[in-house]
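These notes are about the structure you will find just below.
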Amino acid sequence: MATVVFFHAHPDDESIATGGTMARLADEGHRVVLVVATRGEHGEVADGFLSPGEELWQRREKETEASGRALGIARGEFLGYVDSGMIGTPENDAPDSFWQADIDEAAERLAKILREESADVLTIYDDNGNYGHPDHIQVHRVGVRAAELAGVARVYESTLDRDYFQELMSRAAELGMPDLPNADEAADAAEQAEFEMGKPSHEITTRVDVRQYLDVKRRSMQAHESQIAETSFFLAMPPEAFEATWGTEFYIRRGAPEGTAETSLVDGLT
């Protein structure tokens, strides 16, 4: 069996981006480890949601533990940095923010865990952090360096299939998601290169079918109730739309030859 370390920026990222893969690997008997760079201190939270005297980071830490139990992770760790906020906000400049972290120092923190675990696989994000969030971009940079330091040869970049999601947006009304762009708007966005999340389909090397684990992925999302309410876009969509949106998780295997088409992060390791 393999050991797979998932490196994420904030609590709830693991649920949204890789929750199905994590649940599937754990169910198959692999060791799944979650490392989160920050505790999501600058996330948004509804007024009155937190208990008196409770800080958001404290709640998000508990939510991450609950998510991990749902997904079946064997170990969870926080890397110890502070949420950097969205791009262009003052939080980017805080000296203890992840965005300001020294790459080698942060990478060594992660590499220490990779060595302790004798990790076979590391997942990070693509070079744009999926959608340009500074902490997500930093996960990519730090993760690449940590893999070098720890000698982890198999590294996957968690991403979105941009072409697939553009097509999905064009089917929004059909899938019961009327608030998403219609077909003409989706086409215009594609033509104007406004849809910058993820990577083009031809760059995707690995598509993991997680439809069997969508109930677990949903429970993992629900664990992050401070950020993902039952009425949110993520959880309120109809079952068909939920499956279409979350039933496959996408990755780019770094260094993979052109034409690679995998269905698992551990192909050839077991």
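Computed from the coordinates by the stated procedures, all read-outs in this text should not be read as laboratory data. Computed from a predicted structure; not experimentally measured. When we count neighbours, we look across all protein chains shown, and the Cβ atoms used for this are built from the backbone with ideal geometry, even at glycine.
Highest-first packing order for the peptide set 74-80, 46-52 is 74-80, 46-52, based on the mean count of other beta carbon atoms within 10 Å.
With N the number of residues in the chain, Rg(Cα) / (2.2 N^0.38 Å) evaluates to 0.97.
Relative to the Cα centre, what is the charge dipole magnitude of the chain, using +1 at the beta carbon of each Lys and Arg, -1 at the beta carbon of each Asp and Glu, and rounding to the nearest 20 debye?
1060 debye
Only one residue of H8, F49, A150 has its Cα farthest out toward the positive end of the dipole of the chain, where Lys and Arg carry +1 and Asp and Glu -1 on Cβ, and that residue is A150.
The Cα atoms of region 84-176 cover 48, 36, 17 Å along the three principal axes, with the biggest extent listed first.
For the chain, the 222 nm mean residue ellipticity estimated from helices alone, with every DSSP H stretch of n ≥ 4 adding -39500 (n - 2.57) and the total spread over all residues, rounds to -11500 deg cm²/dmol.
Mean separation of Cα pairs under 8 Å and 6+ residues apart, divided by the residue count of region 39-167: what relative contact order is that in percent? All intermediate terms of the calculation are to be shown ahead of the outcome.
Working: 161 pairs, mean separation 26.2, N = 129.
Reported relative contact order: 20 percent.
Descending by average beta-carbon neighbour count within 10 Å, the peptides 4-13, 206-215 line up as 4-13, 206-215, the highest first. Taking amide H as placed 1.01 Å from N in the peptide plane, R154 has its amide H under 5 Å from the amide H of L122, each at least 5 places away in sequence or on another chain. Diagonalising the gyration tensor over the Cα atoms of region 1-140 and scaling each eigenvalue by 5 before taking the square root yields semi-axes of 24, 19, 13 Å, largest first. With contacts taken as Cα pairs under 8 Å at a separation of at least 6 residues, the chain carries a relative contact order of 23 percent.
Near V32, once Lys and Arg are set to +1 and Asp and Glu to -1 for all other residues with Cβ below 13 Å from its Cβ, the sum equals -2.
Residues whose amide H falls under 5 Å from that of V210, counting only those 5 or more places apart or on a different chain, are T248, E249, with hydrogens built in the peptide plane.
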